Amino acid sequence: MNPVLQNVIHFVITFVFSMLFLMGSASILVYLERKVQAYVQERYGPYHYGPQGILQAVIDPAKLLLKEDVRATQTDNIIFRMAPVIFFAPVITAFVVLPFSPYMTAGALATGIIYYVALSSIDVIGVFMAGWGSNNKYALIGGLRAGAQMISYELPLVLALVGAIMLTSVLAPGCQGANPDLSTCGVGSISFTQIVAAQMRPEAPWLWFVLLQPLGLLIYYICGLAETNRTPFDLPEAESELVAGYLTEYSGLRWAMFFLGEYGNMTIVSAVATAVFLGGWSLPGTAIGFWVGLLGSFWGQVVFNIIAVGAFITKMYVLLLVFLWIRATLPRLRADQLMRFAWLFLIPLTLFNILLTGVLLLLPLDLTPRLAISAVANWLLMFIVIFSFRRLSGLSSIGKIPGWARRTGKVVDATTAGTPPAKGAPELAGGPVRR
Amino acid sequence: MDLARNVPAAGDQIPSLAAYEPEHINELLAGLAQVDQALGQPVPKKRMNGGIVGIEVPAERLLDAARIMRDTLGFEMLTCVSGADMVDHLESLYHLRSISHNWLLQVRVKLPSANAEVDSLVGLYPAANWLERETFDMYGIVYRGHPDLRRILLDDEFNGYPLLKSFHPTPLTVHDRATTQTSGERAVSGEQQRGMERITPKHLGQGDEERVHPGKLTFGSAAVYLTTGQGVEDVSEHGFVTEQDTESGGTGKPQRG
Amino acid sequence: MANDVSAPLTTEFAGLRSEEMILNLGPQHPSTHGVLRLVLVLDGETVIQCTPIIGYLHRGMEKIFENRPYMAGPRYIDNADYLSPMLNETCYAGAVEQLMDIEPPRRAQYLRLIVGELERIASHLVAVGTYGLDLGASTPVLWCFRDREQILDMFEAVSGHRFTHNYMRVGGVLYDLPKGWIQTCEKFLDNFEKVSLPELHELLTGNEIFEARTQGVGYIDPQQALAYALTGPVARASGVNFDLRVNRPYGAYREIAVRTQIRQDGDCFGRYRVRMDEMAESVRLCRVALANLPGGSITTRSPIALRPPRGETYYAVESARGEESIYMISDGSEYPYRAKLRGPSFVNLQILPELLRGSKIGDVIAILGSIDIVLGDVDR
């Protein structure tokens, strides 16, 4: 077949798949969110349309599209109208680099991670514009919070990914053996396909980076929560404080773009975590060599790609379910705690993680002991972090009452005044007494 | 000052029925002698149901008495401030609790209806702030020295003091409406309707009539029209009484009696 | 209500001048627990000044009391603190009884205690659940309402109404317990104590974020609590050992001892814990009362048209939010001459501006929720 035509077909298939997947995933997530929350909260959730209310996934977005577009008169017109678009566009464009399977990768960019990070940081502009353009104080506070939060959490998010990128460089061919070839060792990749490929080496059948760097996944996931404004970091739209934050003045289709964009963002965050840490489309215990047999024929390739997409999406939805689970469980942080958590806890931790991974490069060891040492160190670090979270995170100790303020904390008691205390008084102390 | 200084530590907790015992209340009555001493005159005291002691303090000596009660007798808490309109005079009532001695004291201050003013207790008990505002709101009792004596529950533009016995809930026309119907055939607008009140007693089934015969006047004949000049006596024949709101003004005190 | 908010319009820190923003929080807002309006003067996220404006739910309840017979009082007072109507009714009925110097039969007093303690659990469940919601956790409120629903069902069985029960009568209660009610109640108490309450504790109490949001926030020291006449869980969380059920016991509390739940934290977390502990204590009280439930009649013989003798009285009960009391004057007629209702929420809310000064916007909601006001009780 004509290679140009092949490329065109490839592009059309992947593009249509990506778009459909994005929109479909967003609406399925809306349904899932309601259903999972209902499950946690011992309710039924959506119930009436379709079996188990599954058609709610269609009805919810349809309702949003059909709603009246209310716009306050005093808004900053242009900014107000542009904000949803600016929020939503990067979500769509970021989808092209996601490696669903070897074939289903619309843009196998060499700079995949950079591309993703760059696009995900555009969101904040949309949110900020929404906050400013709404001409509403709640929206303004929400927008300002969003700006501070999303920019702050961008840093540990990228730094957490750096750890994984360094792992690809450790695994680069030049680094094999006791005496690495320093001219090629240390050259990793920031392409998603390359990172996924690095996790499927024939000699190491199950080399998902989560096994080597669980801490990286943890931090990336936490930052992903903050990036997508999800509980416990949903301060910009904190409904109990700011009514709806930057979304206060939005309704109808514009609101739907923010709404679906948020779910699209969640999907992307989970997809990136899947690709970088969970081995992408590989299945447990399989190396790329296993699949080669299938790749011989056309239908073999089709089957292979379908399985790969299925594996990718399964992993992604496991992560997304954790999003929903967290949403149903945790309360929300306060603004200052949020910032402190990012700057004083997450960023030092990621930097330490990078340092740890960097030391790995210098160890004069074979690849396997090298990775083993790294993994053990990282797991250890993660457990330390989890079990001393209270002390390290600096959350619970914030704003404790200092001792001098407590000096008056004395129990004021009246029950014994004027009454001889009866030792071991029975619960029924005599009959009624007249007032 | 340390309000909690006399308070004993936590101990066994049994229902302290002693709060209602006569001996326990006698202690309080004996303690109240200090108030007599300080005021230079015996204050009337009485025992009430529920282990409460009621005293009556002259309005001008309220602050002195309250200071003794808080600092010497150990009444740490001002629980409640209420007003009462006893027709010939107003009353401001304070319920004080001593948590350390488990006493409950009711302090009554009688005030003249025409010029009801009494010292505010906010300086001694911060809790008095809103409680006194509420009493001012409902009775118009002015608390001298209150930092922020405004209406609290009612609207700022509200006219009159609703819990006074002389207050009658008449619909008030504060702002101009588009028109006010003055008779079955005539309506006035603008300044003309100022101070004019239209009271139409509706009867059972009227809503149905209006729905069946739109545009038909179904209640015009029964309406009572009032203007500011008209006497209250005329109105009471029909069972309605009006407060003459426009003359007393928005900020002034209402005409009582 | 007043709109006069006189606030300085600029602040200056070390030469840096920043403009302040006035934010109207309420009266229509998801977490002001009703129609409370807070005028906040903000410097960034920090509250400089807070002016609560109340009265949006003012129904003139005291005037209504004056124009209704004594028998109609319990029905109206249901709507004051609409989350604990049983306790309000106990207050009103008790006040008239004290005025008339009559004593309800022991069985009636025990029934009052049982439904009162169940109502306390129901009310605290709303307080704890919505507090979780205020802090952004959506699950506690639904778990709490699941249990509250069972209590309301029991109330429906006993009084005919789920919410505005109209169950108390001057001189007793309206109905005796229906058949099988005690078993249902015991089943609920067992389930609540063994399953629901531990579940709630697991969800909220040890949670790092919950602790971070509540510990050390909104500190009230006992001096302040006394000075501002705070009562109920708010005062007890500040170490003030004051509980009317113990200090001035009324009804069946004269026979059943209450273990007052006190904490010295003084912060939002302490208030939350006191409510949780009080729920466990209420379960115990219900059990004791059910086990010792006396027989006999449930009401004294009293005329429909009550005419208490001339006089005045002051009667207070420990409501779920603190001291709920009525000052009542009778002129010998069928109508109260004066009935002043002291709502605990109204007095407890006073301290809010003091607590909010210098806190963040997020803490505004955390502190307000921990005081647990009911606007029906604030505005009356």
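Taken together, the values in this text are just the output of simple stated rules run on the coordinates, not laboratory data. Everything numeric in this text was worked out from a predicted model, so none of it was measured. Neighbour counts are summed over all protein chains in view; Cβ atoms, including those assigned to glycine, are modelled from backbone coordinates with ideal geometry.
Table for the structure above
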{"read-out": "Amide H contacts under 5 Å for C:Tyr337, placed H, 5+ residues apart", "value": "C:Ile329, C:Ser330, C:Asp331"}
{"read-out": "Share antiparallel - DSSP beta bridges, segment B:17-144, percent rounded to 5", "value": "75 percent"}
{"read-out": "Backbone HN-Hα couplings from phi across segment C:195-208 [Karplus 6.51/-1.76/1.60, Hz, Gly and Pro as x]", "value": "10, 5, 5, x, 4, 4, 4, 5, 6, 10, 4, x, 5, 4"}
{"read-out": "Cα-only radius of gyration and Dmax that characterise segment C:61-379, units Å", "value": "19.1, 59"}
{"read-out": "Kirkwood Rh in Å, taken over all unlike Cα pairs in segment A:1-75", "value": "15.3 Å"}
{"read-out": "Charge tally in the Cβ shell below 15 Å around B:Leu28, where Lys, Arg are +1 and Asp, Glu are -1, B:Leu28 excluded", "value": "+1"}
{"read-out": "Among C:Gly180, C:Gly171, C:Gly270, residue whose mean-square fluctuation peaks in a GNM of chain C (springs only between Cα atoms under 10 Å)", "value": "C:Gly180"}
{"read-out": "In Hz, Karplus ³J(HN,Hα) per residue of segment B:148-161 (6.51, -1.76, 1.60; θ = phi - 60°; x = Gly, Pro)", "value": "8, 7, 10, 5, 10, 8, 8, 5, 4, 8, 5, 10, x, 10"}
{"read-out": "Interchain or long-range residues, amide H under 5 Å from C:Leu177's placed H", "value": "none"}
{"read-out": "Segment C:261-319 shape via C-alpha gyration tensor axes, a/c threshold 1.5", "value": "oblate"}
{"read-out": "Selection from C:Met328, C:Thr313, C:Leu293 lying farthest towards where the dipole of segment C:236-380 points positive, charges on Cβ", "value": "C:Leu293"}
{"read-out": "In sequence order, calculated HN-Hα J values of segment C:289-302 (Karplus, 6.51, -1.76, 1.60; Hz; x Gly/Pro)", "value": "5, 5, 5, 10, 4, x, x, x, 7, 10, 7, 7, 6, 9"}
{"read-out": "For C:Glu103, distant residues with modelled amide H under 5 Å away", "value": "none"}
{"read-out": "Residue of C:Leu341, C:Leu189, C:Leu177 that the Gaussian network model of chain C assigns the largest fluctuation, springs spanning Cα pairs under 10 Å", "value": "C:Leu177"}
